[in-house]
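Notes follow the structure.
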Amino acid sequence: MNLFDKYGGQDFWYFLIKDFYKKIIISPVIKDYFRGKDMSHIAEMLFNVLEVVLINYSHFDESAMRDHHRHLKIQENEFDEWLSIFRQTLKDHSITDSDTQYMINTLTHYKPFIIEPSP
């Protein structure tokens with residue numbers, strides 16, 4: 001069984017993502033990225049990435065990831081904060097350690113395509 005369905009499918013992941021973004025918008029490190037944004041659209045984008053990764057065990061298009069994030073100029077510590085909150089949210093929703101590590105490793109793969117390149 002794929003990881004998407006293992007935990008309850010669409011309803012479970014929508015709930016988890018909603019909880020995740022509740023934490024994100026109060027993070028002093030990254031909340032400004034989300035101020036005034038359409039959070040339902042942002043949540044839907046993450047849901048789509050997770051759906052691809054957790055059902056097909058494949059990667060989301062890296063160039064699309066870069067194109068969607070380039071203008072934000074996200075710094076490494078900001079990406080790390082996002083990832084840390086995601087990890088905690090997975091733990092809060094009883095995702096196993098091995099499944100959490102798989103998801104964190106997969107999302108970490110996208111780091112070079114999301115953060116601002118060093119000068």
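We did not get these values from a lab; they are worked out from the coordinates using the rules stated. None of these values were measured; they are calculated from a predicted model. Counting neighbours? That spans all protein chains shown, and the Cβs are built from the backbone with ideal geometry, glycine included.
The H on the amide N of Ile74, modeled in the peptide plane, is under 5 Å from the matching H of Glu116, each at least 5 residues off or on a different chain. Considering helices alone, the calculated mean residue ellipticity of the chain at 222 nm is -20500 deg cm²/dmol, with DSSP H runs of length four and up weighted by -39500 (n - 2.57) and normalised per residue.
Here is the size of region 1-108 from its Cα atoms: Rg then Dmax, 13.5, 38 Å.
Relative to the Cα centre, the charge distribution of the chain, modelled as +1 at Lys and Arg Cβ and -1 at Asp and Glu Cβ, gives a dipole magnitude of about 280 debye. Sequence-distant contacts, meaning Cα pairs under 8 Å at least 6 residues apart, place the relative contact order of region 3-114 at 33 percent. Lysine pair count for the chain with Cα-Cα distance under 17 Å and sequence separation of 8 or more or different chains is 13.
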